[in-house]
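The values are calculated or read from the model by the stated rules, or taken from the named source; none is laboratory data. If you're wondering where the values come from, they're calculated on a predicted model, not measured in any experiment. Cβ placement follows ideal geometry from the backbone for every residue including glycine, while neighbour counts extend to all protein chains displayed. Protein only, heavy atoms only, side chains kept; ligands, DNA and RNA dropped before computing areas. Shrake-Rupley method; radii C 1.70, N 1.55, O 1.52, S 1.80 Å.
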Amino acid sequence: MIISASLMCADLTRLGEDIAELEQAGVDWLHFDIMDGHFVPNLTFGPDLLRNLRPVTELPFDVHLMIEEPLRYLDRFREAGADLLVVHAEACGHLQRTFAAIRDLGAQPGVALNPSTPLSALDHLLDDVDLVLLMTVNPGYAGQQLIPATIPKIAQLAERLRQERREIILQVDGNVSFENAAQMAAAGATCFVAGSSSVFTPGLTREEGARRLREAVKG
Ligand code: DX5
Ligand code: ZN
């Protein structure tokens with residue numbers, strides 16, 4: 001089970017220290033939410049943030065691109081230190097070309113689906129990706145409530161990956177609280193984006209948040 005800590009929920013006034021605490025807490029990856037104000041109604045970070053943080057940690061950078069036409073920016077995020085580049089199926093007209101470009105850059109490709117996007121959008125794509133991200137909230141903001149219909153969607157995808165014997169990481173993102181994470185793990189998720197309702201829960205240390213999340217997904 002992989003825990004990917006969402007840095008948009010971190011203490012941005014002391015990001016270096018916060019990352020050191022996350023490493024100490026044993027998280028596996030760092031999750032960067034990149035928003036362009038078009039694909040989603042919010043703006044966050046660019047490649048410069050990754051470039052500045054790359055020397056600070058060895059942890060893999062898991063980059064969630066909530067931007068239109070991601071093909072235009074792949075090389076800049078890769079140069080800045082991205083290890084995984086996850087693009088939204090809804091934001092990209094040339095998915096195969098995009099996954100191939102990500103591989104050519106030496107990074108791992110992933111595809112993300114909004115809650116309302118059917119799993120059939122993955123048809124003809126699964127040979128080309130290492131990870132599928134199922135959004136469990138509408139992308140754009142932290143601190144939202146889980147959309148319940150996404151839990152059976154996780155189970156459906158997990159069953160499909162099992163039947164097709166695919167070694168693909170099933171990532172979930174959005175209100176991955178301790179309680180919801182347990183349900184998501186039982187449904188078949190294997191990678192958990194930890195945000196404001198788990199690792200970054202106010203009043204808990206990063207260590208306590210990560211330990212409780214890991215227990216919740218252990219089942
Ligand atoms: C939302 C982002 C998430 C977000 C998670 O669009 O993709 O990664 O930061 O935050 P919580 O866990 O608070 O929903
Ligand atoms: Zn995200």
Would you confirm whether any residue within the stretch 135-147 is more than 14 Å from ligand 1 (Cβ to nearest atom) and at pLDDT 95 or above? no
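Let's see how each residue does on (1) assigned to a strand (DSSP E or B); (2) modelled with pLDDT under 95; (3) touching a helix residue (DSSP H, G or I) at 6+ places or on another chain (Cβ under 6 Å); (4) under 19 Å from GLN171 (Cα atoms):
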{"site": "ILE34", "(1), (2), (3), (4)": "yes, no, no, yes"}
{"site": "VAL40", "(1), (2), (3), (4)": "no, no, no, no"}
{"site": "PHE45", "(1), (2), (3), (4)": "no, no, no, no"}
{"site": "LEU49", "(1), (2), (3), (4)": "no, no, no, no"}
{"site": "ASN52", "(1), (2), (3), (4)": "no, no, no, no"}
{"site": "PRO55", "(1), (2), (3), (4)": "no, no, no, no"}
{"site": "HIS64", "(1), (2), (3), (4)": "yes, no, no, yes"}
{"site": "GLU68", "(1), (2), (3), (4)": "no, no, yes, no"}
Does the stretch 75-92 include one or more residues that are part of a helix (DSSP H, G or I), within 18 Å of the chain's Cα centre (by Cα) and not hydrophobic (A, V, I, L, M, F, W, C)? yes
Quick test of your reading of the structure: ASN52 fulfils all but one of (1) in contact (Cβ under 8 Å) with a residue 24 or more places away in the chain; (2) more than 16 Å from the chain's Cα centre (by Cα); (3) more than 16 Å from ligand 2 (Cβ to nearest atom). Name the failing condition by number. (1)
What number of residues within the stretch 74-86 are open to solvent by 70 Å² or more (accessible area, probe 1.4 Å) and either farther than 11 Å from LEU105 by Cα or touching a Cys at 6+ places or on another chain (Cβ under 9 Å) (or both)? 0
Listed by range, helices (runs of 4 or more DSSP H) wholly within the stretch 103-219 having at least 1 residues that are under 20 Å from LEU22 (Cβ atoms) are 178-187, 206-218
Selection from the stretch 6-29 of residues that are closer than 12 Å to ALA210 by Cα, within 16 Å of ligand 1 (Cβ to nearest atom), part of a helix (DSSP H, G or I) and open to solvent by 30 Å² or more (accessible area, probe 1.4 Å): none
Could you run through the stretch 29-49 and say how many residues are farther than 20 Å from VAL111 by Cβ and away from ligand 2 (no atom under 12 Å from the Cβ)? 7
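Per-residue answers, yes or no, for (1) out of contact with any helix residue (DSSP H, G or I) (no Cβ under 8 Å at 6 or more places or on another chain); (2) surrounded by fewer than 17 Cβ atoms within 10 Å (Cβ to Cβ):
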residue: ALA100; (1), (2): no, yes
residue: PRO118; (1), (2): yes, yes
residue: ASP127; (1), (2): yes, yes
residue: PRO148; (1), (2): yes, yes
residue: LYS153; (1), (2): no, no
residue: GLU179; (1), (2): no, yes
residue: MET184; (1), (2): no, no
residue: GLY195; (1), (2): no, no
